[in-house]
Structures are given as C-alpha cells and as structure tokens.
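Here's the structure we're looking at; comments come further down.
Only the coordinates and a few stated rules stand behind these numbers; no lab work does. Since this is a predicted model, take the numbers as computed values, not measurements. No Cβ is skipped: glycine too gets one built from the backbone with ideal geometry, and neighbour counts run over all protein chains shown.
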There are 4 protein chains.
Amino acid sequence: MAGNSFGKLFNLTTFGESHGIAIGGVIDGCPSNIVLDFEAIQNEMNRRKPGQSSIVTQRKEPDEVKFLSGIFEGKTTGTPIGFVIENANQKSNDYSHIKDSYRPSHADYVYDKKYGHRDYRGGGRSSARETASRVVAGAIAKQVLKDIKINAFTSSVGDIFIDKPYQDLDFSKIESNDIRCPDQDIAEKMIARVKEIRKEGDTIGGTITCVIQNVPVGLGEPVFDKLHADLGKAMLSINAVKGFEYGSGFCGAKMKGSEHNDLYHNDGTTKTNLSGGIQGGISNGMDIYFRVAFKPVATIMQKQETINKDGNTVEMQGKGRHDPCVLPRAVPIVEAMAALVLADFWLLNKMY
Amino acid sequence: MAGNSFGKLFNLTTFGESHGIAIGGVIDGCPSNIVLDFEAIQNEMNRRKPGQSSIVTQRKEPDEVKFLSGIFEGKTTGTPIGFVIENANQKSNDYSHIKDSYRPSHADYVYDKKYGHRDYRGGGRSSARETASRVVAGAIAKQVLKDIKINAFTSSVGDIFIDKPYQDLDFSKIESNDIRCPDQDIAEKMIARVKEIRKEGDTIGGTITCVIQNVPVGLGEPVFDKLHADLGKAMLSINAVKGFEYGSGFCGAKMKGSEHNDLYHNDGTTKTNLSGGIQGGISNGMDIYFRVAFKPVATIMQKQETINKDGNTVEMQGKGRHDPCVLPRAVPIVEAMAALVLADFWLLNKMY
Amino acid sequence: MAGNSFGKLFNLTTFGESHGIAIGGVIDGCPSNIVLDFEAIQNEMNRRKPGQSSIVTQRKEPDEVKFLSGIFEGKTTGTPIGFVIENANQKSNDYSHIKDSYRPSHADYVYDKKYGHRDYRGGGRSSARETASRVVAGAIAKQVLKDIKINAFTSSVGDIFIDKPYQDLDFSKIESNDIRCPDQDIAEKMIARVKEIRKEGDTIGGTITCVIQNVPVGLGEPVFDKLHADLGKAMLSINAVKGFEYGSGFCGAKMKGSEHNDLYHNDGTTKTNLSGGIQGGISNGMDIYFRVAFKPVATIMQKQETINKDGNTVEMQGKGRHDPCVLPRAVPIVEAMAALVLADFWLLNKMY
Amino acid sequence: MAGNSFGKLFNLTTFGESHGIAIGGVIDGCPSNIVLDFEAIQNEMNRRKPGQSSIVTQRKEPDEVKFLSGIFEGKTTGTPIGFVIENANQKSNDYSHIKDSYRPSHADYVYDKKYGHRDYRGGGRSSARETASRVVAGAIAKQVLKDIKINAFTSSVGDIFIDKPYQDLDFSKIESNDIRCPDQDIAEKMIARVKEIRKEGDTIGGTITCVIQNVPVGLGEPVFDKLHADLGKAMLSINAVKGFEYGSGFCGAKMKGSEHNDLYHNDGTTKTNLSGGIQGGISNGMDIYFRVAFKPVATIMQKQETINKDGNTVEMQGKGRHDPCVLPRAVPIVEAMAALVLADFWLLNKMY
C-alpha cells in the first residue's frame, strides 16, 4: 500500500535510498526452474549504470547485484529472489548544502511535508537510484518471457527526433551509440545537443519509444487492468516521466474513425496497427508500441533561488556529477518496467 | 486480479455487460457518516447518459442507480455500497449482424480468443456502458473529498482545440454547451465539426483536460504508486483512451531544466507549475492538471470489410445509434476516475 | 481493505445488510466456459436457508439468487458474475427494541463505536445473512473444482459428538437428517438436544468437520499463504466461529514426533495422515480435513441485562425467530468457504 | 500472490532459505518518525535464536539483523525498511543424506512436486529459519503499537499444562525460565519433559497462549477480514502450527448461549470475556487472548523409513542439532505475528 511493490503474480518490492548502505529488492512469484543468465542481468545493469559514457553522470557505482536467495544451482527455485546492490557512494558529503533547503522540482519539499522526517542525502528514496532494482527484476522478467522481445530507444532529445516509423529502424543499432538511438545520424545530433546543454550547466528532456514483439494474443485484463493501463502506470512510475501514449496516441485524437480503424487480414492480424497491439485492453498479437515523455533533469549546474525549511529564500547550485539528460540511462529502465508488466500478465493468462 | 476492481482503500468493483439484465458495482471502504447527496449522484449519471443532446447517441437509457446497501437513513454506514443500474436496452436485436464477426478496432476478436466464449451483444463487458458504474462511485468519491474540486472539459475535437491556458477558462461554463467545452466560441466550432462528422457516418477523436484544485500536500506514494501513475492508469483504463500527460507532459520533453524547474514562493507554493501539482509522485498543493487522448469511436456508419470467426472476409456497417464523438459523455467519466484515485490516496494519507 | 472481499484470483466481494433491500456479490476471476448447474447452486442455497426444518429459525426467506452478469447462454464468460438475493424480511419491525441497546455478545457495540452510525435492523452487515452470498460463490467454486469433493457435517452439538474417524462415516447420509450429521444415532441425539435447548429459550454451540478429497498435490503457497492458513482464515471469518484445527490439530500438540510423523508409501501417499493432507502449507494429495468450533448463538429467548447507548442498564429479551443452533445451516457455509479457498489456489497453481 | 508477503498497510515481505547466503525482508508501510529501539529488536531476535538454552537446538547463529534502508538518524523515514540476517550455517554439509529423500512430515515432497526443483539444504525456504525475519518486523511493529502489550507464553508441553486462567499468571516471569512458561512449577515439569524426550531422540508438541492488552475498540474489519480471522491466519502460517482458538475457543462449542454471552458493565466493558476481546470481528477493548497448537518437530533422532525421489524405500535418521520442542523459540514468533496483525489494523483504523 505504501507503494514500494509492483505486480500481482510477478511481484517486485524494492527498498533503499541513494546514499544508504545498499538498495535492493525481492522478486516474488518468479516461476521455478528458469536457468538464469547472470551475464545478461549484469549487462542490463551496465546499461543503466552511471559513468558508462561521456554524456551521462560521471559518478562511479559498480552496480553489481548480489543475489541472496531464490536461486539454487543456477536455477530459480520458485521462492522469493532477494538481492542487494551496494551503494559505493554512500559516504558522500556532497549533499550538506541541500540539507535544509528544497531543490526546485525535486521531491524534497513533499517528502518533508508528508513524512515529517527527510533523508536529505541526494534525494534518498526519491532518487532514480531506486530504478537499479527495477532493472534487476526486469532482466529476470525478460528471461521468463523468452520469445517476447522488448526494445526501447531514445526517439527524441529536445526538438531533435527520429522522423521514421519504428519499422524502418534497425534495433540492433540501439547499443551502438551513447544516446541509444538506432538512427545513427539522429543519434549524433542528439549527442551533440546533450554536450552543448551540459556545457551550459543545463539539462534537456526527451522521449523514449518502446516496441514489444512476439506477444501472444490475450494478455491484459479488461476494464481496470487493461494491458496499456498497466504499461502506462509502469512508465509513469519512472522518475521524470510526464506522459505516456500507445499506438496512435495523442495523434489518434485528431483522427476520424474511418482513418483509425485497423482492418483485419484473414488470419486475424491487422493491416494497420494504430491500436498499438492492444484492443479493449488485451493484446491482439500485433506489435505493442508506446512512447514515454521525460522532463529535463531538475538538478542544473546553474544558480537558482529556492527556499529552506523556514521559508527563507536561499541560493542553490547543483554540485557533484549529474546527468545532463536521463534518456540513455532510462532506456533499460523502460524495458525493465515493460518486462515486469508483460511477465505479470503472461503468468496471469495461464489461468485461462 | 481479473481486473474488475479499482482502488486500494476506496475500492470499486464493477460488473455487468451492455446487454445483460443490469450493470452495477460495489464500493468498499467508503467512510461512514457521509450524508449523501443523491441528486448530485444522479446529476453525474445524466452527464454520462446517452440521449442527453443532439450530438451523442440517441439510445435511451434512464440510467437510474438503485442502491442496495451501505446507506442507512441517508448516510453511509461504512459497509459496502452495492448498486445496480438496469439495462433498458437489454432485449435489443441490433447485434445479430456482429454475432460471428469481429468489428474492426473493437475488442470482439481478443475477447473471443482470450475467453473462448463471447457475449456478442454490443460488446458485452468491453462496452463503455460499464463506465456508468464508475460514475456512480466517482460521484460518491467527490462527496468524500469535499473541498477538492475536480473539473474536466473537452479541450480538443479533431484539430480544433482551446488555445488558452486553463487558468483563463471559466469552469462554470463547461455545462453550458453540449460538447462540455468552457470556451464558447471553440465549443461551437467543435459541435459543428461533430455534426459534420456524423453526417459522413464517421467519428472523431479528441482530448479532455482535467484540473484538480485544493489538493492537500502529501497525496500519493513514492516509487510505484506515484499519484500521477495511478491517475494515468485510471485514465488509460477508460475505453478509447490512447494517451495521458500531466503538467508539462510531452511538451516538457522538449524543454531545458532551467526553463522547466518550478521555483518556490516563500510559502512553499511555486511560481510556475510545470510539475502539474505533483513532485516525486506526491501532491505539492498546486493545481493538478492532465490531458487525456481519446481515439475516434470504432463503430462507424460506413461499410468496412472485416473477418468472421472462420477467417472469411465479410462486409459490415454500423447499425443502431452510436456516438460520433465520445468526448462530451467522457468528461464525467474522467472526473469520476480522478475522484476515485484522489479518494483512495486521501484515505491512505490518513495513515501518516 | 475494508474486508468485504475474499480470494486473490477467484475473488468474491459481498454487500448487503440483513434488512436492506437485497444482499449480493460479485465473483471476479471465475474461468470462462463453465456450464453452470443452476439447480446445484439453488440447492446449496436451500441448505443454508431459514425455515428448512423444525430445528432452525422459522423466518421465511426464499433466498433465490438472481444473476445479473458474467453468464451467457448458460456458460460463464470470464467477466464478473454479479448477483443479488432479495431480502423478503426487509420491512420487519422486529428490531425497534434493540435500536438504542447493545445485544450481549453481538457486534452492536463495536459497530457503533467503529463507524459512529449503526444500521440497527437485525445486526445489519454483521448478520449471518451475509453468508448467503458466500454460498452462491462457493457453489460456483465447487463447479470450477469439478473432481475435488468437499463434505462438511456436524460433528458435535454441545457435548454430543461423533466418536468415529471420518473414514468410518457415510457422507451420503449427511443430508438425511436435519442436523446434517452422517451418523444417524448421534444425529438423533443432537436433534433432541437442540429441541430441548430451544424449549429453554437457550442456544447451543458445536463443531463442524470438513473433509476435502481428490486434491491434487501442490495447492497452497509456502510461508504466509499456506493452504491451511487460508482455510483457517476462511473458517474464522464465518459468524460465530471460535476455533479451527486441521489434521491432528490440538491433539497433535500432545504427541511425540515418533507418533506424529506420517511415513510414506512408495507412491508418495502416506500411511497415516496426521498432517491433514497439507505439509509445509502445500497439499500432498491426501485428504484434507479440519474442524471448526461454533459458539452458541448470542440471541436467546431469555431475559438478559444489557446497556443502551447512554450506558444505562436495560433489560432485553430476544424477539422473533432465531436459530437455537447454527450448525445445520453452517454446514453449507463451511463447504462454500472451503471451495473458495481451493478454487483460488487451484487457479494460482496453474501458474507453475 | 506467491505467499511471501503479509499485511496490507504494515506489510512484510520475506526472502531467504535456511542455507543460502542470508535471509531478510522488507517492511513497507511503517510510519515515519518512530525512534527505533534497536536493542529491543535484537532482544527479540535473541529470544528466537538457536543455542539460547540447553533445551533448544545447539546450532550457532548470531542472528544479528543489519538494516539497509528506511531508517535515518535513528528514526524511521516512512520508506521501506530493508534488512538482512546472514546465515552463519550456510556451508553446512549436514544435508547430503536428505538430498534425494523426502523426510517424513516435512515439506520436501510437496516442494519437489510443486516446483520441480528443490533446495535440499535443510528445508530451504520451508525451514523455520524464515521466521527470524518475522521477528524483526514484529519487533518494529511492537514499537509502532506502543501501549498495546503482547505477551505469549508456553501453556502446555505434551500433556503438561498450566491449569490457571491467564489472569492469575505473572507475565514478568515468562523470561525467567527456558521454556517460557510464567508458572514456575509447571515450567520445571515442562523442561524435565523436554529433556527426557530429547534423550529418547524424540520430539514433543505443545501450545502457546497469547494475550494482547490495551487494545482500543474498533480494530478489525467486518466480514472477511475479522480481527480473529487474520490473527488465525497469522498463527497458522507459522511452521508446525495445527490449530488456533480464541476466547472460549473449542470449549465454547460445548456451551449454551445463556452461559456464553458476555454481559456489559455500564462503561461498555464486559463482566466476562468469553468473546476473547473481539465481537463481530472487531476489538471491543477487552483483552484479546488465543491459543495456538504446535505439533512435535518432524526431525527426530531415531531411524525412520521413508522414500527417495525414485519411490524406493530408504532408511533415514535425523542428523545435526535440532529442537526437541519448538515452543520456547516459537513464543517470540507468535508475538511477532500478533504484532504484525495489530499494527496493520491499527493503521487501517486511522482511516475511520
């Protein structure tokens, strides 16, 4: 109820603050007898990890996951998978300047008001560091899902965007550049933009597109737990996300029914896919695709006025090593959350 | 788990198909001792009801809600509130033509595949008729929330949109026209557009904006159950919704941190509100606002090719009385779902 | 959260007060394509219904269940099954004498304190009338479970008890007498005892034993959701229940390990079954059996002193038609709750 | 859903196997700003720990809990409390003899059948070692509950039992002997009995009684989540428990209503308390008391026949250091689970 668990049958509970001893989580409901590929898990961690390239924060976190339970002789046992990731940065003194002040557009103010007691070290629980635990669980969910393929990529940075449909992109190129954009020309422009922004001590937003393929027909529950409603919630639960659209999305709101309807081939596939692979909340076997909007990182290396606990105006400037743009590191988080949702509905669908 | 319940503490379970005997629901967790305003509840029902104006379906449903429990001497007792709404239209024969065929961009195909048994009468459970039960519960949630004000309105139809910030609109005008747009000039254009579309036998999409005011600081849970994540899920669970954005939304993805950050006044309110009243998933006391994208209604009065159960191509044309545009009837549904989310977090926040 | 729902995958939500318009419920998660035997459902209702024999309350309630949704052409559709049972007795004036007083060992006092507003008509929500909805859902759960057989029977009334192991009883005799005891000699003594007690204006407690056969190996989840823990909760949620034991139960607490251990046959069945068909919370394929203790009905036809709202002493005497002993009517309720638990775990086990 | 979480608002998820790296858990929903008494937590751990006295297993486990999150400057922050307890015994080779065999009345057989993959080291997840995590969470729950006092004690071992009502016992004596029985004479007899049993290489069952005092009126939810139903489930989820009764319990089933009803004092307290502090599932402010039956430990130091994976008969004898009687170590577990249930309902009751 306090919001640190996600999923019904494939359930993840996370814990940990950015500057505590460790973060981690418990995965409950993972089927037994899955031979885990630990390298694949660590690889997902590396995609999210700070310091991986010149356009992300240069903070150092090895982000090695240590499994404590639920795995025996390399296979899942069906019991809960407990895991921890140590915080290498835990003893940082970087945050004394924000101890009594509220950083603009951060969660400092609301946490203080809600809980009456705040872990001021780097955002504590509200830090995106928590998402490392989601990536662990998502990497395992991907292995549960086997044939279902989930690919996310950076589709825009500021006003630079990919102007092709995803069908024209080569997903194998996503990892070939630091911004995780499969269109190399656009990727270069995005990277240049991020570097420029960082020089200004500023940050920039963007969007991530995610495509899920080989989904069987029937995932999702009607009415409240529609597949896209749970995907939307999953994405909106990621730090800095401001919007979610799937299939035709906001563009669909401008269209006419005669333009928007997806007519059938005789085999039940559809000629177009404005539905985004989901009808009535249930997967129809076509590609699921959606787009997620990320706001610019709130911590900027420029002076800003803000207030302290007493309501007095104070000046503040970001210190330390922060991301000028979260997108490249958010790509594996989007995939992880998508995998969690899919694994949950995939298990639930076994009931039928 | 099968997706017919919504909410944790303030919980709604709905049942019923469009052409069954009745639809209805159970509200569990409504606080006791609330003096219910039954006229206000029926008024919300009337806002959603078919036949209310010339631009919506002319189907006739009195949509009178009958409460069976949980209320005694005009006040809630704290026990579950059971209610039913009879289906006046239940004996319709209008749907024989779709018995064995799958209507394009409807849920017919996926229901048949998922359940192996389909109630073909008008979509059955996948029909938006189900949302009448949500409006009942939402109307009660509004009464629980008292001072928190929730106003939704049609902000675009096709490519016609309100080009003012919501602060410049007079919400008291929302109910003064059939499309539920508070800007009278735009409303007229929207209505004309819907009539034109209807003449073509076509349908049109649009967006609804919702503004929630007088929200206390502290609603929402960090990490997975962020206030906007649950609002997003709530909206995406409404039939025909393709997208959700709050605060700066997709526009925020184009901005720089220095432009996007909301600086503080000394009293903790913010000078701008690109955050949309929510920071780190928790309400900060500023207005919450979000936008919801609706696709055009899938049932059109034009001939379309589709397939039947055997995979053969058949021709189909919408029959009966359908909405050319769902927006005016969706406005109270958006408000209802917002009220359910807020009531839930409001109760949960009493824990702290 | 407010406690009116039961079950995870096979979920029942009930509503309704003893003297409101109707009681009813919603079953969510019932698999599709089950051809329902409506006569079997009504038969379970008749076993619970008042007025069925000379040793139960002579109140008249037809207790006919009306299904509103989730069933089409005689089969379940996979959508929620909504149902109502009208309260024939709703306009009774029998309860004016308890309006401001608290009946001893009833829930009147705690409801008033908890909710600050009380439906004083016959206990309202705390009345065992609510269990009629459980019997509906349980009857459907039995049909879901097919081969799993659930038989409950009255095993003691006051100090009269069956002194044979259940293996020596003929379950087909349970319905052959009014007390639902398969041992005819004991049944006669029990019935005589109940009649005697009724003459005194008093009531009497007893126990019900339940045996579940043909259970597959593997139902139940380890740790918190052990099969017997959920069975225990289910039974303890029935009105008037004071205790639950399974397998060797409280007797097992007096035994030595060398006496209590169930040794294996080579096929994995066990030579003895003190475990009661459950080991480590998971069914092992042997018979599950448990015993449930019911206190005597609190409403007696004798004068008792009690207090009113103002804390003044008042005299009270039961009016109307009450059960001298709940056991015969509780037998189908015990079976229904057992069926709900089993159906839930049976569905959950499909995940593995 | 997979059964490793307990509680709604005050929620505990546990992980870990007896011979894995560590066990641990996550407490979600603990209120913020509670100044934790860490010594009190460790003290509870010591009460459950092996090797604490001569009548329990002589295995060595320091059982020191390490908190990883949710606590800052000695106070809870409202974020999830993650913790781990290392397994000192993890590298034991003691269990090779049971690798392919099923210990009688253990969970080996059902785990193997359910999951198709078994952690054979000492029971793995089914080991009572898991309850150490419950004791951590229960110790914190006790601190949340402040004035509510929870005292459990050994009330019988085999056929030796305390023959006084709990009101005649001095709870401050519970910790003064190794069996945790507040009646010193009976305690000595119990201890002698356990030593005798151990010499025989056998084990013995018994009962624990728990008394909860200073409970406010109103805890518990009607219908399915009755306070005693959740207490019952909590107790039945503890390893080796076979039965639960509260208030008059199974004895109440032999009584008449005129004997069993608790009449009121003018202040709303009752003259007797056969109800056990709970009426209609809701606490009435009187002492809550219940009794829990534990079977004898299944691992005995005597030869037993059993079967292996291939269904062949093999001989088996317990090795290592096991408890001849779980009761003294189970006392803090019973208290911990009671505290978790109470904390959950106490938080939930703030909603009203």
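In the neighborhood of residue C:15, defined by Cβ-to-Cβ distances under 9 Å, what is the net charge if each Lys or Arg adds +1 and each Asp or Glu adds -1? Net charge around residue C:15: -2. Residues considered: D:205, D:124, D:116. Largest GNM mean-square fluctuation over chain D, using C-alpha springs under 10 Å, is found at D:116.
The rotation axis taking chain C to chain B passes closest to the C-beta of one chain C residue; that residue and the distance in whole Å read C:13, 2. Note on D:263-275: average number of Cβ atoms from other chains within 10 Å of each residue's Cβ is 4.
Annotation for residue A:149, label-to-label distances across the other copies: 5.3, 5.3, 6.7 nm (shortest first, one decimal, point 7 Å from Cα along Cα→Cβ). For residue D:172, the label point sits 7 Å beyond Cα toward Cβ; its separations from the matching points on the remaining copies run 6.6, 7.0, 7.9 nm, from shortest to longest. Note on B:233, B:199: ascending count of other Cβ atoms within 10 Å places them as B:199, B:233, the fewest first.
Placing dummy labels 7 Å off each Cα toward the beta-carbon, the span from residue A:188 to residue B:195 is 5.6 nm. The alpha carbons of chain A stretch over 67, 49, 37 Å along the principal axes, in descending order. Under the criterion of Cα pairs below 8 Å and six or more residues apart, the relative contact order for chain C equals 22 percent.
Fewest neighbouring Cβ atoms within 10 Å first, the residues A:228, A:265 line up as A:265, A:228.
What the phi angles of segment C:15-22 give under the Karplus curve with 6.51, -1.76 and 1.60, with θ = phi - 60°, is a coupling list of 9, x, 10, 4, 10, x, 5, 7 Hz, glycine and proline written as x. Residue-wise HN-Hα couplings along segment D:265-278, as the Karplus relation 6.51 cos²θ - 1.76 cosθ + 1.60 with θ = phi - 60° gives them from phi, are 6, 5, 8, x, 6, 10, 6, 10, 9, 5, 5, x, x, 9 Hz; Gly and Pro carry x. For D:180, C:134, B:193, D:321, the sequence from fewest to most other C-beta atoms within 10 Å is D:321, B:193, D:180, C:134. Between this copy and the others, label points of residue A:96 are 5.7, 7.8, 8.5 nm apart in ascending order, each placed 7 angstrom from Cα in the Cβ direction.
Helix screen, chain A: DSSP H segments with Cα axial length of 24 Å or more and mean Kyte-Doolittle hydropathy at least -1.0 are A:327-349. Around the amide H of residue C:242, modelled in the peptide plane, lie the amide H atoms of C:293, C:294, C:295, all under 5 Å away and 5 or more residues distant in sequence or on another chain. Summarising the amide proton neighbourhood of residue A:323: residues at separation of 5 or more, or on other chains, whose placed amide H is nearer than 5 Å comprise A:57.
If you plug the beta carbon distance of residue C:259 and residue A:213 into 1/(1 + (r/R0)^6) with R0 = 45 Å, you get a FRET efficiency near 0.15.
Spatial offset of segment B:250-329 relative to segment A:29-89 amounts to 35 Å, using the alpha carbon center of each. Separation of segment A:118-197 from segment D:177-196 is 64 Å, based on Cα centroids.
Set the Förster radius R0 to 30 Å, insert the Cβ-Cβ distance between residue D:58 and residue D:164 as r into 1/(1 + (r/R0)^6), and round the FRET efficiency to 0.05. Calculated value: 0.40.
3J(HN,Hα) couplings calculated from phi for segment A:26-34 with the Karplus curve 6.51 cos²θ - 1.76 cosθ + 1.60 (θ = phi - 60°) are, in sequence order, 10, 9, 10, x, 5, x, 7, 6, 8 Hz; Gly and Pro show x. Averaged over the residues of peptide C:121-128, the number of Cβ atoms from other protein chains lying within 10 Å of each residue's Cβ is 3. Taking amide H positions as modeled 1.01 Å from N, with prolines and chain starts lacking one, the residues under 5 Å from residue A:282 and 5 or more places away or on another chain are A:227.
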